[in-house]
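Visitor: Sharing a structure here in structure tokens format.
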Amino acid sequence: MVTSIHPNREKNKDGEKYNFEVSEGDNLLDIAQANDLEMEGACGGSCACSTCHIIISDPDKYDAIPEPDDDENDMLDLAFGLTETSRLGCQVKMTPALDGLEVKLPAMTRNMQASDFGGVNPKHH
Amino acid sequence: MAPEKLCSAACHHAFNTTRTAEISIALRSFSTATARREQEQSHSTTEHNAPGPAPRVAIIGSGPAGFYAARKLMREVHGTKIDMYERLPTPYGLVRYGVAPDHPEVKNCQDEFNQVAQSPDYTFVGNVELGRDLPLPILAKHYHAIVFSYGASKDKEIGLEGEDKPHIYSARAFVGWYNGLPEYRNLKPDLQAGESAIVVGQGNVAMDVARILLSSVEALQKTDLTSYAIETLKTSRVKHVHVVGRRGPMQAAFTIKEVRELIHLPGVNFSPIPHHLFPPNSKSLERPKRRLMELLQKGKPHDPQATKSWSLDFLLAPTHLDWEPNDPNTLRGVTFTRTALSDPSSPSSPVSNTPETTTIPTSTLLRSIGYKAEAIPGMDRLGATFDARAGTLQHDGTGRILMLDTPAPAHASPHAHAQGDAALYCAGWVKRGPTGVIANTMTDAFQTAEAIISDWKRASLNSASTLHHPKRGWPGVKTQAAAEGHRLEKVVSWDGWHRIDEKEKRAGAMKGKPREKYGRVEDMVEAAAAGGGGHVH
């Protein structure tokens, strides 16, 4: 079966997507990392962080994935750019029903802080 | 040296699995990793720089900020040489000394850090404290860039009279104590003084402290929580923990995973939160806050068999400590002023005091109102300014403190920053303040690394740039330190850390735990020595 990943994290940029032949049981974090895409899995895929946050492009495909449990939802709550069809990549396993699944990698930015607006210029004496 | 891990796939995709899915992933990952490695090894020049000396970077601090910055630099500018300075003999920063022992999966990022450390371009310089063992300005001439990523080594005080007396602890110290931080090996918290403890502050550190105080010792004994702390917890009389906050549920700093875990702790009751403290229309809140309010409002059914309990006590600001009349060193209670929120539904609502006060009886107080970074002596000579009020280094917003090739100031003293000296950067808590989880620090470290890489691209186009001059890094630092009379005898290398690591794991295996941490620096140093012994206690 096939899954497609839009690797480009910038907003509003359609860009290319990569298609991968995958097998049942492969999870999206492992698929992305095996193919050298820019997806972190800081906790090693154990649902203890939000760095593998992905966005499912098709709402119907999103519904075909078993619902996230409290643990996953708790981690998703911390993810930047959370959407209605967000999941943790490490928790989404490919099944025949998900053949053709297309996902996007969200923009990866830190939390905004006051210092983001009008920062101090670096020193040039 | 430990065998290098080539494949970036999780190790549970073992080759003895019969699942073709996992084998195919593992094989693809393996071939990608070997192809990348071959590419790296065949390049003596880099994509970004003209042929020339490899950039040399000193990273101060070996926690997530330092390691993620190092990883990005080494991946994107092939040949970058990193020397990572760490004041302890052991690496990983708060991943080792902050993350709770019952949250081992959070420490998995160490696997990534280990992969960085395997590179021949990476050198770990452990047990060297800059500003104390080694003057910081010595680094200036031996690197193209210095990155400050040493986090926050102090905590904020409430400012109460008597806060330095017995039975008052910093949560940071308590966490360090049970996690084996040598600085707090002898904290000896008195958990027998009474049945109640108050934690002031409602962030995730407060959650960890409450959970460790209330969890069954049987469960904790199988973790890497230090044995000396287990012994103390075994005799603890603490039965109720008040986790007290100055503001309300919508403003508290804890995150939902940690609260859920505490609420569902077996054998521990959770006091219901008064309904009027919640926003009236929680269904219209954004998802993270909505789920959190729902969780807090739902609480947990009271268990008459439970012997322990905890509560979230909101809208209370501590004003003074009450001591036993007969013994000024025995805590009797804490008096609070009731506070009021201007806008209870807003996460950033201002809060003010009311005339009302209340006293909560307790024998033990832990303050958990935030960590605080401090400057390294000699920073100003290098050209960095530490903002003591903010607790952060001054930078341009992305982590740049001082650019490469910056001329020396006019009328400068001989020891001030010179034109060919290292550029300065910062990453992590010392850059943004001491908040956020590992994922936030990781993203921040990537941002600093991107700034460095972009600066190098520009510098490489300038034929006069210092970037084209080779720098000696740690060997140069050692030579200059010796010449100036500084003795650096017990530097711990990555191999030395590996020896400490192996001994800790073996000592832990005998007790059915992942590791038994060394609690003293001298024992770590002894264990790090080749052929060294070292008793774990």
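Visitor: Over the alpha-carbon set of the stretch B:130-270, divide Rg by the Kirkwood Rh and report the Rg/Rh ratio to two decimals. All intermediate terms of the calculation are to be shown ahead of the outcome.
Guide: Values: Rg = 18.3 Å, Rh = 17.4 Å.
Reported Rg/Rh (Cα atoms, Kirkwood Rh): 1.05.
Visitor: Across the stretch B:283-354, what fraction of all alpha-carbon pairs, as a whole percent, falls in each successive 5 Å bin from zero upward?
Guide: Binned Cα distances yield the sequence 3, 11, 13, 15, 16, 16, 13, 8, 3, 1, 0.
Visitor: Something else: Counting each DSSP H run of 4 or more residues in chain B as -39500 (n - 2.57), what helix-only mean residue ellipticity at 222 nm follows after dividing by all residues, to the nearest 500 deg cm²/dmol?
Guide: -9000 deg cm²/dmol
Visitor: To continue, here is another question. Select from B:A410, B:A152, B:H103 the residue farthest towards the positive end of the dipole of chain B; place +1 on Cβ of Lys and Arg, -1 on Cβ of Asp and Glu, and compute about the Cα centre.
Guide: B:H103
Visitor: Apply the Karplus parameterisation 6.51 cos²θ - 1.76 cosθ + 1.60, with θ equal to phi minus 60°, to every residue of the stretch A:89-102 and state each ³J(HN,Hα) to the nearest whole Hz, in sequence, with x for glycine and proline.
Guide: Rounded to whole hertz, the list is x, 5, 9, 9, 9, 5, 9, x, 5, 9, 3, x, 4, 10.
Visitor: Evaluate peptide A:31-44: per residue, the Cβ atoms of other protein chains within 10 Å of its Cβ; return the mean as an integer. It would help to have the intermediate numbers written out before the result.
Guide: Values: counts 3, 0, 8, 14, 4, 7, 0, 1, 0, 7, 6, 12, 10, 11.
Across the residues of A:31-44, the mean count of other-chain Cβ atoms within 10 Å is 6.
Visitor: Would you kindly derive the ³J(HN,Hα) couplings of the stretch B:454-461 from the backbone phi angles with the Karplus curve 6.51 cos²θ - 1.76 cosθ + 1.60 (θ = phi - 60°), listing them in order in whole Hz, with x for Gly and Pro?
Guide: In residue order, the calculated couplings are 5, 5, 5, 4, 5, 5, 5, 7 Hz.
Visitor: Name the long-range amide H neighbours of B:D387: under 5 Å, sequence gap of 5 or more, or other chain; modelled H, no Pro or chain starts.
Guide: B:T392, B:L393, B:Q394
Visitor: How much net charge surrounds A:C47 when only the other residues with a Cβ under 10 Å from the Cβ of A:C47 are counted, with Lys and Arg +1 and Asp and Glu -1? Walk me through the numbers on the way to the answer.
Guide: Working: positive: B:K257; negative: A:D69, A:D71, A:E72, A:D74, B:E105.
In short, -4.
Visitor: Please state the shape class of the stretch B:49-206: rounded when a/c is under 1.5, otherwise prolate if a/b exceeds b/c and oblate if not, all from the C-alpha gyration tensor. Please list the in-between numbers first.
Guide: Numbers: a/c = 2.96, a/b = 2.09, b/c = 1.42.
Prolate, because a/c is 1.5 or more and a/b exceeds b/c.
Visitor: May I ask you to derive the relative contact order of the stretch B:375-531, considering only C-alpha pairs under 8 Å and at least 6 residues apart, and to give it as an integer percent? Don't jump to the answer; show the numbers that get you there.
Guide: Working: 156 pairs, mean separation 23.5, N = 157.
Worked out over the stretch B:375-531, it gives 15 percent.
Visitor: Classify the stretch B:234-368 from the C-alpha gyration tensor, please: rounded if a/c falls under 1.5, else prolate or oblate depending on whether a/b exceeds b/c. Present the calculation step by step, with values, prior to reporting the outcome.
Guide: On the way: a/c = 2.47, a/b = 1.26, b/c = 1.96.
It is oblate, given that a/c is not under 1.5 and a/b is not larger than b/c.
Visitor: Using only atoms on other chains, find how many Cβ atoms lie within 10 Å of each Cβ of peptide B:108-115 and report the average.
Guide: On the way: counts 8, 8, 1, 4, 4, 0, 0, 0.
Partner-chain Cβ atoms within 10 Å, mean over residues of B:108-115: 3.
Visitor: Modelled label-to-label distance, B:I453 and A:T95, 7 Å Cα→beta-carbon offset: nm?
Guide: For the pair B:I453/A:T95, the computed spacing is 3.8 nm.
Visitor: Can you grab the distance from the C-alpha centre of the stretch B:99-165 to the C-alpha centre of the stretch B:180-195, Å, no decimals?
Guide: 23 Å
Visitor: A further question follows. State the percentage of accessible surface on the stretch B:445-537 attributable to carbon and sulfur atoms; use a 1.4 Å probe and exclude ligands, DNA and RNA.
Guide: Details: 2480 of 4670 Å².
On the stretch B:445-537, the fraction of accessible area on carbon and sulfur atoms equals 53 percent.
Visitor: So how far, in whole Å, is the C-alpha centre of the stretch B:339-380 from the one of the stretch B:290-333?
Guide: One Cα centre to the other: 16 Å.
Visitor: Roughly how big is chain B's charge dipole about its Cα centre, with Cβ charges of +1 (Lys, Arg) and -1 (Asp, Glu), in debye to the nearest 20? Walk me through the intermediate numbers first.
Guide: On the way: 63 positive and 57 negative charges, 175 e Å.
Roughly 840 debye for chain B.
Visitor: Excluding ligands, DNA and RNA, what is the solvent-accessible area per residue of the stretch B:209-267 at a probe of 1.4 Å, expressed in Å²?
Guide: Details: 2000 Å² over 59 residues.
Spelled out: the 1.4 Å probe surface of the stretch B:209-267, per residue, equals 34 Å².
Visitor: If the limit is 29 Å between Cα atoms, which of B:K72/B:K188; B:K81/B:K513; B:K156/B:K457; B:K107/B:K188 go over it? Mind showing how you got there, number by number?
Guide: Values: B:K72/B:K188 41 Å; B:K81/B:K513 36 Å; B:K156/B:K457 40 Å; B:K107/B:K188 26 Å.
From the list (B:K72/B:K188; B:K81/B:K513; B:K156/B:K457; B:K107/B:K188), the Cα-Cα distance tops 29 Å for B:K72/B:K188; B:K81/B:K513; B:K156/B:K457.
Visitor: For the stretch B:426-442, just list the computed ³J(HN,Hα) in residue order, Karplus coefficients 6.51, -1.76 and 1.60, θ = phi - 60°, integers in Hz, with x standing in for Gly and Pro.
Guide: The phi angles translate into 9, 8, x, 4, 6, 9, 10, x, x, 9, x, 8, 4, 4, 5, 5, 4 Hz.
Visitor: What ranking do B:224-236, B:361-373, B:283-295 get when scored by the average of other Cβ atoms within 10 Å per residue, highest first? Could the numbers behind the result be given before it?
Guide: Numbers: B:224-236: 18.0, B:361-373: 22.8, B:283-295: 15.5.
Descending mean neighbour count gives B:361-373, B:224-236, B:283-295.
Visitor: Another question, then. Could you work out the local net charge near B:W474, counting Lys and Arg as +1, Asp and Glu as -1, over the other residues with Cβ closer than 14 Å to its Cβ?
Guide: Combined, the nearby Lys, Arg, Asp and Glu give +2.
Visitor: Another question, then. Lys and Arg at +1, Asp and Glu at -1: add these up for the other residues within a Cβ distance under 12 Å of A:P66 and post the number.
Guide: Numbers: positive: A:R87, A:K93; negative: A:D63, A:E67, A:D69, A:E72.
Overall, the nearby charge balance is -2.
Visitor: With a 1.4 Å probe and every protein chain kept in, tell me what percent of the accessible surface of the stretch B:153-250 is carbon plus sulfur. Show your work: numbers first, answer last.
Guide: Values: 1620 of 3490 Å².
Taking all protein chains in place, the stretch B:153-250 shows 46 percent carbon and sulfur surface.
Visitor: Follow-up question, since we're still on this one. Using only C-alpha positions, report the orientation-averaged shadow area of the convex hull of the protein assembly as shown, nm², one decimal.
Guide: Details: hull surface 130.7 nm².
Computed as one quarter of the Cα hull surface, the answer is 32.7 nm².
Visitor: Something else about it: Around B:L134, which amide H atoms from residues at least 5 apart in sequence, or from another chain, sit under 5 Å from its own amide H, with H modelled in the peptide plane?
Guide: Amide H neighbours of B:L134, under 5 Å, 5+ apart: B:E129.
Visitor: When ligands, DNA and RNA are left out and all protein chains stay put, how many square angstrom of accessible area per residue does the stretch A:63-112 have with a 1.4 Å probe? Kindly include the intermediate steps, with their values, before the conclusion.
Guide: Numbers: 2340 Å² over 50 residues.
Heavy-atom SASA per residue in the stretch A:63-112 reads 47 Å².
Visitor: Please compute the contact order of chain B in relative form: average sequence separation of alpha-carbon pairs under 8 Å and at least six residues apart, divided by the residue count, as a percent.
Guide: Details: 1053 pairs, mean separation 108.3, N = 537.
Relative contact order here is 20 percent.
Visitor: For the stretch B:54-108, rounded, prolate or oblate, judged on the Cα gyration tensor with a ≥ b ≥ c (square roots of eigenvalues), a/c < 1.5 rounded, else prolate if a/b > b/c? Could you put the intermediate results ahead of the total?
Guide: Working: a/c = 4.12, a/b = 1.90, b/c = 2.17.
It comes out oblate by the Cα gyration axes.
Visitor: Search the structure for amide H atoms under 5 Å from the amide H of B:D322, placed 1.01 Å from N in the peptide plane, and list their residues when 5 or more places away or on another chain.
Guide: Here the answer is B:R332, B:G333, B:V334, B:T335, since their amide H atoms fall under 5 Å of that of B:D322.
Visitor: Now for a separate question. Size of the dipole of the protein assembly as shown about the Cα centre, Lys and Arg at +1 and Asp and Glu at -1 on the beta carbon, nothing else charged, in debye to 20?
Guide: Details: 73 positive and 81 negative charges, 227 e Å.
Here the size comes out at about 1100 debye.
Visitor: Which value, in Å to one decimal place, does the Kirkwood hydrodynamic radius take for chain B when every pair of different Cα atoms is included? Write down the numbers at each step before the final one.
Guide: Values: mean 1/r = 0.0392 Å⁻¹.
Final number for the Kirkwood radius of chain B is 25.5 Å.
Visitor: Quick check: convex hull of the Cα atoms in the stretch B:327-379, volume per residue, rounded to a whole Å³? Let's see the in-between values first.
Guide: Numbers: hull volume 9.7 nm³, N = 53.
Dividing the Cα hull volume of the stretch B:327-379 by its residue count gives 183 Å³.
Visitor: For the interface of B with A, what's the total buried accessible surface in square angstrom, probe 1.4 angstrom, rounded to the nearest hundred? Intermediate results must be reported in sequence, preceding the final value.
Guide: Working: alone 24890 and 7960 Å², together 29170 Å².
Summing both sides, the interface buries roughly 3700 Å².
Visitor: What is the stretch B:70-196's relative contact order, in percent, from Cα pairs under 8 angstrom and six or more apart in sequence? List each step's numbers first, then the result.
Guide: Numbers: 93 pairs, mean separation 34.2, N = 127.
Once normalised by length, the contact order is 27 percent.
Visitor: From other protein chains only, count the Cβ atoms within 10 Å of every residue's Cβ in B:133-146, then give the mean. Mind dumping the intermediate values first?
Guide: Working: counts 0, 0, 0, 0, 0, 0, 0, 0, 0, 0, 0, 0, 0, 0.
So the per-residue partner count for this stretch is 0.
Visitor: Of A:K93/B:K300; B:K239/B:K300; B:K234/B:K308, which ones are farther than 22 Å apart at the Cα? Spell out each step's value before the answer.
Guide: Working: A:K93/B:K300 32 Å; B:K239/B:K300 18 Å; B:K234/B:K308 14 Å.
Going by Cα-Cα distance, A:K93/B:K300 fall outside the 22 Å limit.
The values are calculated or read from the model by the stated rules, or taken from the named source; none is laboratory data. Just so you know, these numbers come straight off a predicted model, no measurement behind them. Neighbour counts are summed over all protein chains in view; Cβ atoms, including those assigned to glycine, are modelled from backbone coordinates with ideal geometry. With ligands, DNA and RNA removed, areas are computed over all heavy atoms of the protein, side chains included. Shrake-Rupley method; radii C 1.70, N 1.55, O 1.52, S 1.80 Å.
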